[in-house]
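The values are calculated or read from the model by the stated rules, or taken from the named source; none is laboratory data. Remember, it's a predicted structure, so these values are computed and weren't measured experimentally. Neighbour counts are summed over all protein chains in view; Cβ atoms, including those assigned to glycine, are modelled from backbone coordinates with ideal geometry. The protein model used for the area step is the full one, side chains on, heavy atoms only, and it has no ligands, DNA or RNA in it. Shrake-Rupley method; radii C 1.70, N 1.55, O 1.52, S 1.80 Å.
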Amino acid sequence: MINKVILLVFDGLGDRPIPAFGGKTPLEAAYTPNLDAIAAASQCGLMHTLVRGVRPGSDVAHLAIFGYDRERYYTGRGPIEAAGLGIPMQEGDIALRGNFATVDGAWNIIDRRAGRIRDVSEFAAALDGMEIDGVRFIVKPGTAHRAGVILRGNGLSPAVSDSDPHEAGQPVWEVKALDQTSEAVRTAAVLNKFNKRAYEILSALPENKKRQEAGKLPANMLLLRGAGVYPSMPKFNDKYGLKACCIAGGGLYKGVGAFLGMDVLQVQGATALPDTDIGAKLDAALKALFTYDFVFVHIKAADSLAEDGDFMGKRVFIEKADRDMARLRALPDNVLLIVTADHSTSCALKAHTANPVPVIFCNPDVRLDDVEAFGERAAAKGGLGIIEGKDIMPEVLNLMGRLPLTGA
Ligand code: ZN
């Protein structure tokens, strides 16, 4: 009987035919004996992570796979990124993504990353804990120039615009309410006051004086974007009765796990880049099965390579992943292995597309089909047919014998 699950998500794995590969996709062109053997022992299919014809972003695609409806639980990327930074959040908190940047005296942006600043801990600490009109600001450093910002207080709304114009040379945007509610108007007003005060505090910071003396750009503004509210939401463990963990290199994916209440495990060598240590991540996943019922593993680089148009690099990365997949070929019978992707990323378009992705359920308890390779056109012949992201968890619960009976 299945009582453990490994869900392996290759970001942006699906693709379109590549002429240089004779019309095969990078996944089809790759030499993947281990993934093929796993597919041969699986029930296979294709999956629209959202619905047919909708081009998924990575964050909402993952939420869908875990059974969380984006309409209900997703208001912006801020809360997911903040969760990934380990900031404990409460229902109703407004979270934004921040960039420490350099502006001139008229608030025109000189550099959106403050001269590629490496560590913003001191700068975030200078703003952390600020109170404006009864709203407390929590500011925590992220990697390089990035930060997470939380607004905690009554009567707040995520319906506010960005202050980040996303381009150097532009002025910092005034934050505007995106609807007419008093909450949105209040939140915009508080954020504009925050921007002014943050500029004053950062400009006077000794660390910035030191940077300027060393010929570096000061980090004198925090640009904000992606406001979202931390929703009232059942945690993954409670929703499914499965103790879950997340193994990922990329901040957004650690964020998805943390947002849903999963334990985020740190793995040495997990970089979210093509050099990432996939073997170390899979070893960590196998070890995690002793402690957790559900292990989510995210592997990023196929997506980034496709976004660069690097179809050869994408194929090479898939082959590297396949070599490490050998250790998943002899899982005990109580472990269900699912291998899939969050969306397709086309090397030709250098963008996410709405093409469905392969999905396989591997365990002796699944109904096998005749598919013997892991790829887009092979999966199209599989017994699962075409499913949606939201179908994954019900299928998992079914295979685990945990679905309640409908009717008598
Ligand atoms: Zn993705």
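Being at positive phi and in contact with a strand residue (DSSP E or B) (Cβ under 7 Å, 6 or more places away or on another chain) is the filter; apply it to the range 101-116 and report the residue that is most open to solvent (accessible area, probe 1.4 Å). Of everything passing the filter in the range 101-116, Trp107 is most open to solvent (accessible area, probe 1.4 Å).
Considering (1) within 16 Å of the ligand (Cβ to nearest atom); (2) under 20 Å from Asn398 (Cβ atoms), the lone condition that Glu307 does not fulfil carries the number (2).
Within the range 276-291, the set of residues being touching a helix residue (DSSP H, G or I) at 6+ places or on another chain (Cβ under 9 Å) and open to solvent by less than 20 Å² (accessible area, probe 1.4 Å) comprises Thr276, Ile278, Gly279, Lys281, Leu282, Ala285. For the range 51-59, indicate whether the set of residues that are assigned to a strand (DSSP E or B), open to solvent by 10 Å² or more (accessible area, probe 1.4 Å) and either closer than 27 Å to Lys350 by Cβ or in contact with an Asp or Glu (Cβ under 9 Å, 6 or more places away or on another chain) (or both) is non-empty. Within the range 51-59, none of the residues are assigned to a strand (DSSP E or B), open to solvent by 10 Å² or more (accessible area, probe 1.4 Å) and either closer than 27 Å to Lys350 by Cβ or in contact with an Asp or Glu (Cβ under 9 Å, 6 or more places away or on another chain) (or both).
Anything in the range 354-382 that is open to solvent by 50 Å² or more (accessible area, probe 1.4 Å) and over 28 Å from the mean Cα position of the chain (by Cα)? List them, or say none. Spell out how you get there, then give the answer.
Of all residues in the range 354-382, those open to solvent by 50 Å² or more (accessible area, probe 1.4 Å) come to 355, 364-365, 367-368, 370, 372, 377, 380-381.
Scanning the range 354-382 gives Pro364, Asp365, Arg367, Leu368, Asp370, Glu372, Lys381.
Within the range 101-122, can you find the residues that are outside any strand (DSSP E or B) and either more than 18 Å from Lys210 (Cα to Cα) or touching a helix residue (DSSP H, G or I) at 6+ places or on another chain (Cβ under 6 Å) (or both)? Don't jump to the end; show me each part of the working.
Taking the range 101-122 and keeping what is outside any strand (DSSP E or B), we get 104-107, 112-122.
The answer is Gly105, Ala106, Trp107, Arg112, Glu122.
Go through the residues of the range 319-328 one by one and say whether even a single one is in a loop (DSSP other than H, G, I, E, B), away from the ligand (no atom under 16 Å from the Cβ) and modelled with pLDDT of 95 or more.
No - not one qualifying residue is present in the range 319-328.
Among the residues here, Pro218 does not qualify as at pLDDT 95 or above, open to solvent by 20 Å² or more (accessible area, probe 1.4 Å) and either farther than 27 Å from Trp107 by Cβ or not basic (Lys, Arg) (or both). Name the residues in the range 26-39 that are over 14 Å from Lys314 (Cβ atoms) and either without any contact (Cβ under 8 Å) to a residue 40 or more places away in the chain or open to solvent by 40 Å² or more (accessible area, probe 1.4 Å) (or both), would you? Those that are over 14 Å from Lys314 (Cβ atoms) and either without any contact (Cβ under 8 Å) to a residue 40 or more places away in the chain or open to solvent by 40 Å² or more (accessible area, probe 1.4 Å) (or both): Pro33, Asp36.
Out of Ala285, Ala302, report the one residue that is out of contact with any Asp or Glu (no Cβ under 9 Å at 6 or more places or on another chain), closer than 30 Å to Ala147 by Cα and either part of a loop (DSSP other than H, G, I, E, B) or assigned by TED's automatic domain parsing to the domain that holds Glu376 (or both).
Within the list Ala285, Ala302, the selection yields Ala285.
Just so you know, in the range 335-353 the residues that are part of a loop (DSSP other than H, G, I, E, B) and surrounded by 14 or more Cβ atoms within 10 Å (Cβ to Cβ) include one that is farthest from the ligand (Cβ to nearest atom), and it is Ala348. Residues in the range 351-403 that are among the polar types (S, T, N, Q) and touching a helix residue (DSSP H, G or I) at 6+ places or on another chain (Cβ under 9 Å): Asn355, Asn363. For Gly23, indicate whether it is surrounded by fewer than 23 Cβ atoms within 10 Å (Cβ to Cβ), outside the structural domain of Phe137 (by TED's automatic domain parsing) and away from the ligand (no atom under 16 Å from the Cβ). In short, yes.
Would you check if Gly98 is open to solvent by less than 30 Å² (accessible area, probe 1.4 Å) and in a loop (DSSP other than H, G, I, E, B)? Talk me through it step by step, then tell me what you get.
Values: open to solvent by less than 30 Å² (accessible area, probe 1.4 Å): yes; in a loop (DSSP other than H, G, I, E, B): no.
Considered against the rule, which asks whether it is open to solvent by less than 30 Å² (accessible area, probe 1.4 Å) and in a loop (DSSP other than H, G, I, E, B), Gly98 comes out as no.
Please enumerate the residues belonging to the range 207-233 that are in a helix (DSSP H, G or I) and in contact (Cβ under 8 Å) with a residue 12 or more places away in the chain. Quick ask: steps written out before the conclusion?
Of the range 207-233, the ones in a helix (DSSP H, G or I) are 207-213.
Passing the criteria: Glu207, Asn208, Arg211.
If you go through the range 69-108 and keep only what is within 16 Å of the ligand (Cβ to nearest atom) and more than 30 Å from Pro218 (Cα to Cα), you end up with Arg70, Tyr74. Tell me, please, whether a residue that is surrounded by 23 or more Cβ atoms within 10 Å (Cβ to Cβ), in contact with a Gly (Cβ under 9 Å, 6 or more places away or on another chain) and farther than 30 Å from Lys243 by Cβ can be found in the range 66-89. No, there is no match, as no residue in the range 66-89 is surrounded by 23 or more Cβ atoms within 10 Å (Cβ to Cβ), in contact with a Gly (Cβ under 9 Å, 6 or more places away or on another chain) and farther than 30 Å from Lys243 by Cβ.
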